1. If only one of Ser69, Ser63, Ser59, Ser87 is on the phi > 0 side of the Ramachandran plot and out of contact with any Asp or Glu (no Cβ under 7 Å at 6 or more places or on another chain), which one is it?
2. Pairs needed: first member in segment 316-344, free of Cβ contacts under 8 Å to residues at least 24 places away in the same chain; second member anywhere, part of a loop (DSSP other than H, G, I, E, B) and not β-branched (Val, Ile, Thr); C-beta distance under 8 Å; at least 6 residues apart or different chains.
3. Could you check Arg258 against (1) outside the structural domain of Val209 (by the TED database); (2) touching a strand residue (DSSP E or B) at 6+ places or on another chain (Cβ under 7 Å); (3) open to solvent by 60 Å² or more (accessible area, probe 1.4 Å) and say which number it fails?
4. Using the structure shown, decide if Ser292 is surrounded by fewer than 24 Cβ atoms within 10 Å (Cβ to Cβ), assigned by the TED database to the domain that holds Ala339, in contact with a Lys or Arg (Cβ under 7 Å, 6 or more places away or on another chain) and over 18 Å from Ala311 (Cα atoms).
5. Return the residue satisfying two criteria in turn: it lies in segment 137-165 and is among the charged types (D, E, K, R) and closer than 21 Å to Phe29 by Cβ, and of such residues it is surrounded by the fewest Cβ atoms within 10 Å (Cβ to Cβ).
6. Could we say that Gln134 is of a type in the set (S, T, N, Q), in the same structural domain as Ile17 (by the TED database), open to solvent by 80 Å² or more (accessible area, probe 1.4 Å) and in contact with a helix residue (DSSP H, G or I) (Cβ under 6 Å, 6 or more places away or on another chain) here?
7. Looking at segment 320-337, which of the residues that are open to solvent by 30 Å² or more (accessible area, probe 1.4 Å) and in a loop (DSSP other than H, G, I, E, B) is farthest from Lys255 (Cα to Cα)?
8. Any residue in segment 79-88 that is under 35 Å from the mean Cα position of the chain (by Cα) and under 19 Å from Phe35 (Cα atoms)?
Amino acid sequence: PSPGTLCRTKPTDLVFIIDSSRSVRPHEFEKIKVFVSRVIEALDVGPNATRVAVVNYASAVRSEFSLQSHRSTAALLQAVRAIQPLSTGTMTGLAIQFAISRAFSAAEGGRGGVPNVKKVAIVVTDGRPQDGVQDVSARARAAGIEIFAIGVGRVDMGTLRQMASEPLDEHVDYVESYSVIEKLTHKFQEAFCVVSDLCATGDHDCEQVCVSTPGAYRCACRDGFSLNSDGRTCTACNGGLGSALDLVFLIDGSKSVRPENFELVKKFINQIVDSLEVSDKQARVGLVQYSSSVRQEFPLGQFKNKKDIKAAVKKMSYMEKGTMTGQALKYLVDSSFSAINGARPGVPKVGIVFTDGRSQDYISDAAKKAKDSGFRMFAVGVGNAVEDELREIASEPVAEHYFYTADFRTISKIGKKLQMKICVEEDPCECKSIMKFQTKVEDLINSLQQ
């Protein structure tokens, strides 16, 4: 396997159950064999690691080779190449029954009694079985066999679902034709990957930091460095002066935003503040709240560090009146991004507008002016926010600059997406701080999932 995807597979007894009924044309059957071979190539094959058998079926069932027949990848691949189609009916149920009673049996090399050895069957079919599969599949699953069902072409999806293990969305796959079955290879290669910490074992070539992911790894750099395009080496960032940014939040404090939701909005703001490098030279943050009137909570650059900004956000009191979004946008353009209020010439300007309802005034002119002034505008809407208004506020490409969620509790997810987007410059050092935050979050999620 390519570097970075080195993969040790869990000891598994793997049985392929492949349909070679007459609807499967000879050249299509060759594609199934290629697919089977590709999956085998990614496995750790060996008597104590993964054993592979192939059951070929049509009207009858034929064991092509058993779990104990071949002890090396090369021998398995050679055996797969020799398989010939049977070209009669489709007795899928019979084939699964054969797998339970014969293919996985101890006599054929199955390791049923050995703890930690998984039993996996991959069924590939393109037809409707001429016999029942529901009961026999349930028996197979009850016997501890994990079943993946792959359907091709005019297959009956209901049948696949009757065969497959839960969760179905991970165990049922459909491809429109045999010519594209290979695109599933990667999924199965990953499915058999065992989490091996390649950073710990030293199987990596990262110059500075190695970050382990299940069965693979990626390189990262220490603070003040950015990763080069080779994905391996690092370059020092120049003083970080480049990552200057003037960011102003425009927050809807109208009465439809309930007090408990207003608290969630504050958390959302602070989540984004957390991902910035705040200082006089780098990111400056301003905050404006609006309802029937507009109130500047604090201008750009009043607070020189994250701690003070976050404290000021937490203290913000809630206006609780109407929704004059147009007036607020006008304020943003005319005042927030002016030098008098701490905006710096030549520094990228980003506005994040947050609203939960339709504006009571006219927004088009101010929204257009904000974009024409070169400000990068993000629109975040919750609940009863109007998508047309959000789209009008958002910069181009609109799809990347407006976000909507029905529920205040999910705005932290939007926060994550926004952290990535606020990255203004192309310079990797610029985006470093945001990516760093993002990586932390991702690693946290990964470690929880393991």
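1. Sole residue among the options that is on the phi > 0 side of the Ramachandran plot and out of contact with any Asp or Glu (no Cβ under 7 Å at 6 or more places or on another chain): Ser87.
2. Ala339/Pro345
3. Here Arg258 clears every test but (2).
4. For Ser292, the condition - surrounded by fewer than 24 Cβ atoms within 10 Å (Cβ to Cβ), assigned by the TED database to the domain that holds Ala339, in contact with a Lys or Arg (Cβ under 7 Å, 6 or more places away or on another chain) and over 18 Å from Ala311 (Cα atoms) - is met.
5. To start, the set of residues in segment 137-165 that are among the charged types (D, E, K, R) comprises 139, 141, 146, 154, 156, 161.
Retained after the next criterion (residues that are closer than 21 Å to Phe29 by Cβ): 154, 156.
Details: Arg154: 10, Asp156: 15.
If we take residues in segment 137-165 being among the charged types (D, E, K, R) and closer than 21 Å to Phe29 by Cβ, then Arg154 is surrounded by the fewest Cβ atoms within 10 Å (Cβ to Cβ).
6. Working: of a type in the set (S, T, N, Q): yes; in the same structural domain as Ile17 (by the TED database): yes; open to solvent by 80 Å² or more (accessible area, probe 1.4 Å): yes; in contact with a helix residue (DSSP H, G or I) (Cβ under 6 Å, 6 or more places away or on another chain): yes.
Yes, satisfied.
7. Met324
8. Here is the first cut: in segment 79-88, the ones under 35 Å from the mean Cα position of the chain (by Cα) are 80.
The next check asks that each one be under 19 Å from Phe35 (Cα atoms); those that pass are 80.
Yes, because at least one residue in segment 79-88 is under 35 Å from the mean Cα position of the chain (by Cα) and under 19 Å from Phe35 (Cα atoms).
The values are calculated or read from the model by the stated rules, or taken from the named source; none is laboratory data. This structure is a prediction, so every number in the text was calculated from the model and none was measured. Neighbour counts run over all protein chains shown; Cβ positions are idealised from the backbone, glycine included. With ligands, DNA and RNA removed, areas are computed over all heavy atoms of the protein, side chains included. Shrake-Rupley method; radii C 1.70, N 1.55, O 1.52, S 1.80 Å.
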